[in-house]
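> Structure provided below as structure tokens; questions to follow.
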Amino acid sequence: MSDLKGKVAIVTGASRGIGKALACTAASLGVNLVIGARNEGPLKETAEEIKKKYKVEVLPVGCDVTKLEDLENLVNKAKEKFGRIDILINNAGVSSQYPFHEQPIEDFEKLAHTNYLGYVRLIRLVINDFIKQKSGAIINMVSGSTLCDPLPRNFIVYSSLKVGLRAFSKGLFWELRDHGIKVTSILPGVTDTDLTGKLAEITSDSSRLMTTEAIENAVRFALTVPANVCPLEIAVINQQTPWTAPVIPFEQKHPGK
Ligand SMILES: NC(=O)c1ccc[n+]([C@@H]2O[C@H](COP(=O)([O-])OP(=O)(O)OC[C@H]3O[C@@H](n4cnc5c(N)ncnc54)[C@H](OP(=O)(O)O)[C@@H]3O)[C@@H](O)[C@H]2O)c1
């Protein structure tokens, strides 16, 4: 998919953070967008900003990825407006940081529906069109935490769902490669967004956090390699955060202790 001008991408969680940055990356390559998030005010503002800056078409669609009917509506709106979908950037996500025994039980469902099931369902809703088209690119926002074994302390529900997503993505690529469909997992390290702003002290030193730039470059690379190549996984990891050190010792220190 080296010439992307006029192609159509759905980007979830695109109102801010990594999703917004990736929507801008796609727009900078001439891709028209359908962007989704729950709060429609910031989503519409982002749509206007991208339209003005990159001169592409941008359709904002209010969407909660935990709800199947919202995902169906997102895909239908994209097809009504543009007639096809070429790229899916599955990015919407939430995080939470708890010792497991203190984590609210309802948190599990929210994490699973947003960070895993929402991704798999949305892929299922576009995949048969990709198969018919004999082309399509899926980018799944995984996490650098999946490289840690054992998983980062106090993030084990979040991280284990991302491990599942990573395994699913890799399996999906092998299942679909003969149909010309690319599936790429992006594994970002700790990045300066609202998501990390809500976490505890470990992430409060902003000099340790990545900006979205490396992730944007990784996705640009994934989308512009020749048609017969698929970058299966791209990890872009901070050099300075203990979470994503190449080897996490078993006795991880709790942040702040
Ligand atoms: N930041 C990091 O350090 C980091 C590292 C590794 C991986 N990631 C992953 O990268 C992705 C983006 O994270 P971020 O840091 O950019 O987060 P963020 O700044 O908090 O942005 C999250 C985006 O997702 C949307 N969203 C959240 N829940 C949603 C839902 N149920 N339905 C639809 N949209 C929803 C938000 O909009 P609304 O609230 O309006 O819905 C927002 O647009 C996530 O999958 C995260 O796990 C982040």
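A short reminder: the numbers here are calculations on the coordinates, not readings from a lab. Since this is a predicted model, take the numbers as computed values, not measurements. Reconstructed Cβ throughout: ideal geometry from the backbone, glycine too, with neighbour counts over all protein chains shown.
> Given 0.36 nm per residue, what is the gain on full extension from L232 to V120 after removing their alpha carbon distance, in nm?
38.6 nm
> Among the complete DSSP H segments of the chain, which ones combine at least 24 Å of alpha-carbon extent along their axis with a mean Kyte-Doolittle hydropathy of 0.0 or more? Write out the running numbers ahead of the final one.
Numbers: long enough: 156-176 (29 Å, 0.68).
TM-like helix candidates: 156-176.
> Another one. If I take all pairs of Cα atoms in the range 8-244, what percentage of them are more than 27 Å from each other?
For the range 8-244, the fraction of Cα-Cα distances above 27 Å is 30 percent.
> Please report the antiparallel percentage of the DSSP beta bridges confined to the range 8-244, to the nearest 5.
The answer is about 0 percent antiparallel.
> Measure up K53/K132; K79/K170; K20/K51 against 23 Å on the Cα-Cα distance and list the ones that go over.
Going by Cα-Cα distance, K53/K132; K79/K170 fall outside the 23 Å limit.
> Do the sum for the chain: with -39,500 (n - 2.57) for every DSSP H run of n ≥ 4, divided by all residues, what is the mean residue ellipticity at 222 nm, to the nearest 500 deg cm²/dmol?
Calculated at 222 nm, the ellipticity per residue is -12500 deg cm²/dmol.
> Please report the relative contact order for the chain, taking Cα pairs under 8 Å with a sequence separation of at least 6, and give it as a percent rounded to a whole number.
Working: 485 pairs, mean separation 49.3, N = 257.
Normalised by residue count, the contact order of the chain is 19 percent.
> Hey, rough spin-label estimate for S135 and R84, points 7 angstrom out along Cα→Cβ, what's it come to in nanometres?
Going by the 7 Å Cα→Cβ label model, 0.7 nm.
> Right, something else. Apply 1/(1 + (r/R0)^6) to the Cβ-Cβ distance of E213 and I105, taking R0 = 41 Å, and write down the FRET efficiency to the nearest 0.05.
Values: r = 37 Å, r/R0 = 0.91.
So the FRET efficiency works out to roughly 0.65.
> Nothing charged except the Cβ atoms of Lys and Arg (+1) and of Asp and Glu (-1): what's the magnitude of the dipole of the chain about its Cα centre? Round to the nearest 20 debye. Can you show the working numbers first?
On the way: 31 positive and 28 negative charges, 136 e Å.
Using only the charged Cβ atoms, the result is roughly 660 debye.
> Right, something else. Can you find, among N217, Q133, L29, the residue sitting farthest towards the positive end of the charge dipole of the range 8-244, where Lys and Arg contribute +1 and Asp and Glu -1 at Cβ?
Among N217, Q133, L29, the one farthest towards the positive end of the dipole of the range 8-244 is Q133.
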